[in-house]
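Okay, so here's the structure we're looking at.
The values are calculated or read from the model by the stated rules, or taken from the named source; none is laboratory data. These figures come from a predicted structure and were not determined experimentally. Cβ placement follows ideal geometry from the backbone for every residue including glycine, while neighbour counts extend to all protein chains displayed. Only protein heavy atoms, including side chains, enter the accessible area calculation; ligands, DNA and RNA are left aside. Shrake-Rupley method; radii C 1.70, N 1.55, O 1.52, S 1.80 Å.
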Amino acid sequence: MRKALLVINCVILAIGNCGGPLIARLYFIHGGNRIWFSSWLETAGCPIILLSIACAYMHRSRTADPTSENKFFYMERPLFLAAVVLGIITGLDNYLYAYGLSRLPVSTASLIIASQLAFTAVFAFLLVKQKFTAYSINAVFLLSIGAGVLALHSSSDRPANEPNREYILGFVMTLAAAVCYALIMPLVELTYKKAKQEISYALVMEIQLVMCLVATVVCTVGMLAKNDFSVIGREAREFELGETKYYVIVICSAIVWQGFFLGGIGLVFCWSSLLSGIMIAVLLPITEILAVIIFNEKFQAEKGFSLALSLWGFFSYFYGEVKQSKKKKPDPEIEMDSSLPPKTLESNV
């Protein structure tokens, strides 16, 4: 079951990680300029998670012991407070990333975000005592080099008529978003470990719901401060692709971004925060290729080389994990002997 959840969350994360930045950039390059609104869209689709929680509730109703209590929400107060804190950090991260994406091409922003892997590795080691193998170290190294290779062409991706100050500020804000998100994943893993209640996948979805709701509230405050709600209608009418497509982009953005957050937190539950960071870094070149196709960005040799390094790092990590899991499997003979009654074991000695 856990392996199936792992695969599902990898697919969900891939859709959100690749689709989210592309849709957000589409909003900005065709006339959208409300940064707080864009950051709000990153978590505003969280009510979708209620469908999953409802399905889990109905499943428990059919399969659980009739004498046991079946609640719609299982989250207790300490876990709720932790999710609120994580949601506030997520709201800040949303704004930092939306600001950077409004100033930088998708390829450049993705390049900077890829640096979160190195920060995730550091925070995972400090907060949850993440153990590293030769294969995981090799994966972090290769994926970091892949991001560095992409940096060789970043200057040629600077948008036309983009002031140098705005470009640098966008770079700094995106880097801050990478650090912020790199901190969130190990904190989520630490929350799981410190929780005084059993962590199920249904509870993971509850945590994600609270995090996104709080992050949306943070961004809503920013929208109110910038008077974004009163200008959305006018922005939609003036949108280059038309008013209908404006709202289609807005709705799709809110839905697709949920895949990024739910997939990321799901991978932390199924495996570790380091794997979540590695998956995000692996998807970087794929996002770049999609940006080339959709936005006609240049596909240089560095991007192809980076893709190869990313795939190499990805398979290196999983090969190491498979090898480690095989070492942890108990000897079948020992497992069989341990199932015998004590007297039988004594007679065999």
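Things worth noting here:
- Selected residue [closer than 21 Å to W36 by Cα and either in contact (Cβ under 8 Å) with a residue 12 or more places away in the chain or surrounded by 17 or more Cβ atoms within 10 Å (Cβ to Cβ) (or both)] from I232, I265: I232
- V256, sole failed condition from (1) in a helix (DSSP H, G or I); (2) modelled with pLDDT under 80: (2)
- The range 179-198 - residue that is open to solvent by less than 50 Å² (accessible area, probe 1.4 Å) and assigned to a loop (DSSP other than H, G, I, E, B) and, of those, farthest from M211 (Cα to Cα): Q197
- Residue check for L150: modelled with pLDDT of 65 or more and part of a helix (DSSP H, G or I): no
- Boolean, V217 is over 25 Å from I88 (Cβ atoms), surrounded by fewer than 18 Cβ atoms within 10 Å (Cβ to Cβ) and of a type in the set (V, I, T): no
- Among the criteria (1) acidic (D, E); (2) part of a helix (DSSP H, G or I); (3) open to solvent by 20 Å² or more (accessible area, probe 1.4 Å), the one E206 does not fulfil is (3).
- Residues within the range 102-144 that are open to solvent by 60 Å² or more (accessible area, probe 1.4 Å), modelled with pLDDT under 80 and in a helix (DSSP H, G or I), tallied: 1
- Inter-residue pairs, beta-carbon under 8 Å, first under 10 Å from G266 (Cα atoms) and in the range 1-28, second at pLDDT below 90 and surrounded by fewer than 19 Cβ atoms within 10 Å (Cβ to Cβ), 6+ apart: L5/Y201
- Here the helices (runs of 4 or more DSSP H) wholly within the range 1-94 that include at least 3 residues being farther than 22 Å from K193 by Cα and open to solvent by 70 Å² or more (accessible area, probe 1.4 Å) are 2-29, 49-63.
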